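The values are calculated or read from the model by the stated rules, or taken from the named source; none is laboratory data. Note that the coordinates shown come from a computational prediction; the quantities given were computed from them, not determined experimentally. Note: ideal-geometry Cβ built from the backbone for every residue, glycine included; neighbour counts use all protein chains shown.
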Amino acid sequence: MSDSQIIVGLEIGTSKVCVAVGEVGENQVVNIIGLGQAKSRGVRKGEIIDVALAEEDVRNAIVEAEQVADVEIRSVFLGVTGSHIRGFNNTGVHPVVSADREITSADIQDVIKNAKAINLPTDHSVVHVIRQHFRVDGQDGVLNPEGMLGAKIEVDVHVVSGRYNRLQNPIRLVNGLHLEVDNISSSALASSLAILGMEQKELGTLVIDLGAGVTEYAVYSAGVIKHTGVLTVGGDHVSNDLAYGLKVPLARAEQIKIDHGSAVIDPEAQDRKVDLSDDSLIPGRQINLGHMQKIMSMRLQETLELIAKDIGRAGLIEYLRAGVILCGGGARIPHITRLARDVFKLPVAVGRASTVSGVKNALDEPEFATPVGLIKFGAFQAKSSPRRGGIGRVIRRQVAALFGR
Amino acid sequence: MSNPDEQTEGANPTIRLIGLGETGVKLVEILAMIAPDGVVAHSLDTDSRSLSRCHQSQTFLLGQAIPCGLGTGGDSALARGAVESDSDELTEILRGTDLVFVVAGMGGGTGTGAAPFLANLAKQAGALVVGVAATPFDCEGIQRCNQATGGLRDLKQVADMVFHFPNQDVVLMEGADIALHQALEIANRHLCEAVLGVSRMLLEPGMLNVSFADLQASVQGRHSLGSVVHVEGSGEDRADDAVQKILLHPAARGGEALKYASSLLVNLSGGDVTMAEMDAVTAAISNHSPSAKLVVGVSGQGSGEALKLTVVIAHAGKLAGADQESAPPKPDPTGQTSDLGYSDPFTVPDTGSYLDLGKESDGKNRNGFTYTPPAPTADALTPECREDLIRVAAKEEPNRTKRRKIIQELLPLEIVSKGRFEKSEPTIHKGEDLDQPTYIRRGTVLN
């Protein structure tokens, strides 16, 4: 039996390490068969700061997923994130030289190759080059120009790049656990894959993944990805603000956030006090709910406003006809949709991984969007280049056999 | 001039200049040379070397109790510790003073850390406290600028009013080709003008007097950024000339500062001020600032042709913060050069005042002065810009009574612990450190 049927998504997040195991059926239907997670201790702002701790957490999560799904995990699709990840658009141009001016598949390969020729700083490497639309002699919005007639063919691509060394860190960590990395994907892209259906991509949607360490966002319009971004501000910042503002320990702030948090200021809670009945603290300590909500809502509002500004600068806010979809742990904050609605002036919903089937609780929780999306990403990869992936995998395994095992 | 015992006798208010840190000491040294009689200058620093260069002012080495005789190296917390350790001596110095100018360059250690504390001491000693602050050039680094912003905010919370001059304004006015020493000189000159203008206004005997009480009434407890504009008008139409220069002055923000002023103290001095001139000046100013409370004074002592015009612009907190956040429209720089064309180094003149410095060299420019600034109108502000201003104002000072209760100042930005993110790569977005709690960066007070 080949293991190509089983696809595993691994996200080494700031608050948790999450592994999702998916089975790809006959007609590319993805079915989630297992989940494993572990509290993450070695990650800050989406990037590893303590390799030993992170390794232990990843191992725990993998083991749990293996038990639940009853499979042996050999390779994973890895989500990467961090402040070094950049997304931008690029255009490739190619003249059609054949006598009859018919665009052949070779022309298409060439124009995409041109679009991939990007001047990146030497320490950066490309994570994704995603095709958007072709233009043939200025005719916009061509999806597949093969067989059309034209003199000049252009293609717009969205490029995601990151610092090579920092991309390598999680890969090396996973390799150190005798697992292979099939491919890496930016977490923003993975989350949006899990959540968005064809129609939402077509209408135009902004997906915001409110993680613990980073907030990532991706804009889809006219069926293709238009813009991605990473903001290294997340739920950790909210907790940290609360710890600072309410003068409580960080772990306590985290708990207060979960128990009493709100993204908007509730006028009725302004003067309410909550007892901190924790034995380690001074007895009778109270915190003011109004202050807490104010600290929290200011931070969240700022984060969303920064995203809104960035999208506005890219000129995409008008194209978001399907509104904004939130995922990640931050999507669980009460009233966050109301706050986002006020900031973006658009309909806002919390995302569900609706495009796959399987274990119910994996799909209903917004924080599992990234690992589930990674499985979808893996399924696409396997579909689009089965042979190449196959060969690559064989080679990788041989290399691994030489060095690893 | 520097003997404090001599000048408690007259009816004049006691004015003390206190320079803190290297920039502050330098400025006070300059001011001490040219200030009118009755102004006592003190230089305070944690660096004994900078004090050893002082000859005109009384020096005081801060922080002898904690060893930092060679400066604080940009550590504002250390500076604060130093000034706190000397608070008894400083209170003694400040006793019985009516008006204290706290002169400091923001962004370094001593000026940033010690100025708010000293202002507070002066406040407790019963003086009216006016901060005079220079903030660094943008190119001096985001760290320094942030520290400066923090220091300025702290100073503003304690002082009744702060005259703030961003050094970067010089670059905007003069272009980036200006030599550094010239740029610094111009910045210093603007700050000196502010202090001198106010001191003169209060100390010079006048026909229509602007008294200390007037100043007190218009700035006390405002905790806002204000400005002082001091210009000289000359030529046949010296009143018009002076008014135009007021509007072109960087501190007037193209007349915008006037528009948002809550009170204005206008002092004219010069030989034989005519009623027509007085009328022209007050009409022009009240035209730009219809709602402000206007106090006009005339002192006849100033001799010669020139008409010296000093305007103290006090805001009701309206522009506070806004003039740092939104770039104010700059008047045409070509018009500015004639106004700011001084290039002589600061030297003690044999006769005449400091403000006569460079007057000769400037004369030819002044005759050719033809630039008329467009009258700033309400249209000059776009609706968004105005909204921003109002929002900033609302955030900055929700209401004054509430503000006054807050005596405990916010700690400077640098001391805000980043907790969990202390050691991680900072998230800097457009110069803002997003790791610091939003509510602190926005200056929201939880109470």
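Taken residue by residue, region A:81-90 has no member that is at pLDDT 90 or above and either farther than 30 Å from A:G211 by Cα or touching a Leu at 6+ places or on another chain (Cβ under 7 Å) (or both). Scanning region B:11-35 for residues that are without any contact (Cβ under 8 Å) to a residue 60 or more places away in the chain and either in a loop (DSSP other than H, G, I, E, B) or under 12 Å from B:G108 (Cβ atoms) (or both) yields a total of 2.
Among the criteria (1) within 18 Å of the chain's Cα centre (by Cα); (2) surrounded by 19 or more Cβ atoms within 10 Å (Cβ to Cβ), the one B:L203 does not fulfil is (1).
Among the residues of region A:303-310, not a single one is away from chain B (no Cβ under 14 Å) and either in contact with a Lys or Arg (Cβ under 7 Å, 6 or more places away or on another chain) or of a type outside the set (A, V, I, L, M) (or both). The criterion of at least 2 residues that are under 30 Å from A:I62 (Cα atoms) is met by the following strands (runs of 3 or more DSSP E) wholly inside region A:95-175: A:124-136, A:152-163.
Selection of first residues in region A:66-95 that are farther than 30 Å from A:K360 by Cα and of second residues that are crowded, with 22+ Cβ neighbours inside 10 Å and small (G, A, S), restricted to Cβ pairs under 6 Å at least 6 apart or on distinct chains, gives the following pairs, ordered by first then second residue: A:H84/A:G162; A:I85/A:G162; A:I85/A:S186; A:N90/A:A115; A:G92/A:A115.
Among the residues making up region A:135-168, those that are surrounded by 13 or more Cβ atoms within 10 Å (Cβ to Cβ) and in contact with an Asp or Glu (Cβ under 7 Å, 6 or more places away or on another chain) are A:R135, A:G150, A:K152, A:I153, A:R163, A:Y164, A:R166. The residues of region A:261-281 that are assigned to a loop (DSSP other than H, G, I, E, B), exposed (fewer than 15 other Cβ atoms within 10 Å of the Cβ) and away from chain B (no Cβ under 14 Å), listed by number, are A:D266, A:S277, A:D278, A:D279, A:S280, A:L281. Within region A:216-260, the residues that satisfy the criterion of being among the small types (G, A, S), surrounded by fewer than 24 Cβ atoms within 10 Å (Cβ to Cβ) and away from chain B (no Cβ under 11 Å) are A:S221, A:A222, A:G223, A:G229.
Can you say whether B:A125 is at pLDDT 85 or above, in the same structural domain as B:T46 (by TED's automatic domain parsing) and hydrophobic (A, V, I, L, M, F, W, C), as far as the supplied structure shows? No: the conditions fail for B:A125. Listed by position, the helices (runs of 4 or more DSSP H) enclosed by region B:209-261 that each have at least 1 residues that are under 23 Å from B:D279 (Cβ atoms) and among the acidic types (D, E) are B:212-219, B:238-248. The set of residues from region B:415-434 being under 15 Å from A:R44 (Cα atoms), of a type outside the set (S, T, N, Q) and at the interface with chain A (Cβ under 7 Å from one of its Cβ atoms) comprises B:G419, B:R420, B:F421, B:E425, B:L434. Restricting the first member to region B:102-118 and to residues that are closer than 9 Å to B:E22 by Cβ, and the second to residues that are modelled with pLDDT under 85 and among the acidic types (D, E), the beta-carbon pairs closer than 8 Å and six or more apart or on different chains are B:G105/B:E22; B:G108/B:E22; B:T110/B:E22; B:T110/B:D45; B:T110/B:D47; B:G111/B:E22. Considering (1) buried (at least 20 other Cβ atoms within 10 Å of the Cβ); (2) within 28 Å of the chain's Cα centre (by Cα); (3) at pLDDT below 90, the lone condition that A:R299 does not fulfil carries the number (3).
Filter region A:4-45 for residues that are within 14 Å of chain B (Cβ to nearest Cβ), under 20 Å from A:N175 (Cα atoms) and within 18 Å of the chain's Cα centre (by Cα) and give the result. Passing the criteria: A:T14, A:S40, A:V43.
Let's see how each residue does on (1) over 17 Å from the mean Cα position of the chain (by Cα); (2) over 21 Å from B:L20 (Cα atoms); (3) in the same structural domain as B:I34 (by TED's automatic domain parsing):
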| residue | (1), (2), (3) |
| --- | --- |
| B:C139 | yes, yes, yes |
| B:N146 | yes, no, yes |
| B:V158 | no, no, yes |
| B:V162 | no, no, yes |
| B:P166 | no, no, yes |
| B:D177 | yes, yes, yes |
